[in-house]
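Each remark here refers to the structure printed beneath this line.
Read the figures in this text as sums done on the coordinates, not as results from a lab. Bear in mind the structure is a predicted one, so any value in this text is a computation, not a measurement. Ideal geometry is used to build each Cβ from the backbone, glycine not excepted, and the neighbour counts take in all protein chains shown.
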Amino acid sequence: MTHWKDDRIGSAERGENPTVLARMRTGWAVIGDIQHLPGYCLLLYAGKASHLTDLPRDERARFLLDLSLLGEAVEQTCRKHDPEGFRRLNYEILGNSWEHLHGHVHPRYHWEPEEFRYGPVWRYAAQRPAPQHAFDSRHDALRNDIKDALTAILAGPSAP
């Protein structure tokens with residue numbers, strides 16, 4: 001049997017991916033396997049694309065809007081969970097490790113070490129995937145709150 005991490009999109013479609021938060025218009029909102037920075041989430045494009053520019057412009061706009069809506073839910077939740085520590089969000093679309101279109105939403109915190117606080121999260125290098133940061137049941141409340149916030153945002157009226 002294939003592990004859900006070996007087919008993240010297929011496992012989301014089959015209801016086997018435990019990181020899924022919601023199905024959005026263009027893809028799957030998921031909480032990250034790594035919770036080095038609590039609330040880290042991704043939007044996995046549900047179609048076939050490697051680059052953002054592989055998509056027609058209207059689909060690009062929908063993908064970027066979905067990514068921003070996921071970010072809105074992450075920001076609301078992280079402010080609630082850590083009101084003194086939450087600082088901002090960073091968004092990234094990379095694709096160097098997994099050549100499938102996906103966007104990252106990184107919460108950033110005041111409590112991060114000074115040498116990492118103002119650069120990209122990738123500067124943390126080997127510290128990020130350390131076993132103590134793996135997504136597991138310790139993150140259930142955070143995951144559920146992000147999911148609830150995202151559900152409310154998706155159900156609400158469209159903002160200009």
request  = With θ set to phi - 60°, apply the Karplus curve 6.51 cos²θ - 1.76 cosθ + 1.60 along region 88-104 and write out the HN-Hα couplings as whole Hz, x wherever there is a Gly or Pro.
outcome  = 5, 10, 10, 10, 8, 10, 10, x, 6, 8, 10, 7, 9, 4, 7, x, 9
Pairwise label distance in nanometres, Trp4 with Glu72, each label 7 Å out on the Cα-Cβ vector = 2.7
inquiry  = Could you compute the longest span of the chain free of GluC sites (Glu not before Pro) located in DSSP loops and having at most 15 other Cβ atoms within 10 Å, not counting the site residues?
reply    = 17-83
note = Under the helix-only model (-39500 (n - 2.57) for each DSSP H run of 4 or more, divided by the residues of the chain), the mean residue ellipticity at 222 nm, to 500 deg cm²/dmol, is -10000 deg cm²/dmol
Partner lysines for Lys48 [C-alpha distance under 21 Å; skip if fewer than 8 residues away on the same chain] = Lys5
remark   = Residue span Asn144 to Arg79: 0.36 nm per residue of separation minus Cα-Cα distance leaves a gain in nm of 21.9 nm
remark   = Extension length gain for Glu115 and Ala152 (0.36 nm per residue less Cα distance), in nm, is 9.7 nm
Other-chain or far-sequence residues with amide H under 5 Å of Ala134's (modelled H) = Gln35
